[in-house]
1. Report the residue, chosen from 93, 36, 195, that carries the largest GNM mean-square fluctuation when the chain is represented by alpha-carbon nodes joined by springs under 10 Å.
2. Please give the contour-minus-distance gain from residue 228 to residue 155: 0.36 nm per residue of separation, less the Cα-Cα distance, rounded to one decimal in nm.
3. Where the centre of each part is set by its Cα atoms, how far does region 19-96 sit from region 178-197, in angstrom?
4. Grab the beta carbon distance between residue 208 and residue 165, set R0 = 30 Å, and tell me the FRET efficiency rounded to 0.05.
5. Quick one: ranking 163, 221 by accessible area, 1.4 Å probe, largest first, what do you get?
6. Taking all protein chains together and a probe of 1.4 Å, list 20, 11 from the most accessible to the least accessible.
7. Helix-only mean residue ellipticity at 222 nm, the chain, DSSP H runs n ≥ 4 weighted -39,500 (n - 2.57), per residue, nearest 500. What is it?
Amino acid sequence: MKTDLGVFGRFVTTVIRWLFRILCRIKEEGSERLPDHGPCIVVVNHINFLEVPIIYPFLYPRLTSSLVKRETWENPFLGRLATLWNGIPIRRDTADFTALRTAEKRLREGHILMIAPEGTRSYDGRMGPGNPGVVILALRAGVPLLPIVHYGGERFWYNLKRFRRTPVTLKVGRPFRIKAPEGRVTSTVRRAIVDEMMEYMAALVPEYYRGNYTGRADRNFTYLRTTEFNDG
């Protein structure tokens, strides 16, 4: 079981953390909710490339793995970084059960697993529809989920060209578990669960960023229940 990134990994993570602290003005909320041990699935909204270099160092020194599109390894630099940061290559054009089994293994080893349920970047910061695949993994693993949302980073390239720092808000919500119905969890139920999950995340961002989930946040949920990391 891997317990640390090693000297080179720690150096790279520290450099990237400080680089983006220089390029961005990051406001953190709810960092006290981060678990100091044990597995969990971190679900994030998918805006652009920023969530990885900002959120991964934010979670460090916890060992974190993430599902990363297989094409990332075609870029020598990004592929090396994805390997260093325990990236799990996943095919997006099919049900990649090999990637899901690897993700389950990392969770059993005590890792945090970071997933963007949307699967596709929005670039404008607004939330798109979630992919039910995260529900399958969460139900199989039986671990709590932790929402971490970020917004403001959609203006990163615009600001960088004008030599401006980008204000980014990083917000951690309350952990939750999926309360599955009795019997078989159908595709319709999985869709309902992932929509509730996205609505739960949408409640953490300003209205403008809620996208597909505008007007659907802040309600009672059928399949989600808040929890604490020391709960059963």
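1. Comparing 93, 36, 195 in the GNM, the peak value goes to 93.
2. Gain in length upon complete extension: 22.9 nm.
3. 26
4. Given R0 = 30 Å and the Cβ-Cβ separation, E is 0.90.
5. Sorted by accessible area, descending: 163, 221.
6. 11, 20
7. Numbers: 7 runs with 79 residues, N = 232.
Using -39500 (n - 2.57) per qualifying helix, the result is -10500 deg cm²/dmol.
The values are calculated or read from the model by the stated rules, or taken from the named source; none is laboratory data. Please read these numbers as outputs of a predicted model, since none were measured by experiment. Using ideal geometry, Cβ is built from the backbone for each residue, glycine included, and neighbour counts are taken over all protein chains shown. We work out accessible area using only protein heavy atoms, side chains counted, and drop any ligands, DNA or RNA first. Shrake-Rupley method; radii C 1.70, N 1.55, O 1.52, S 1.80 Å.
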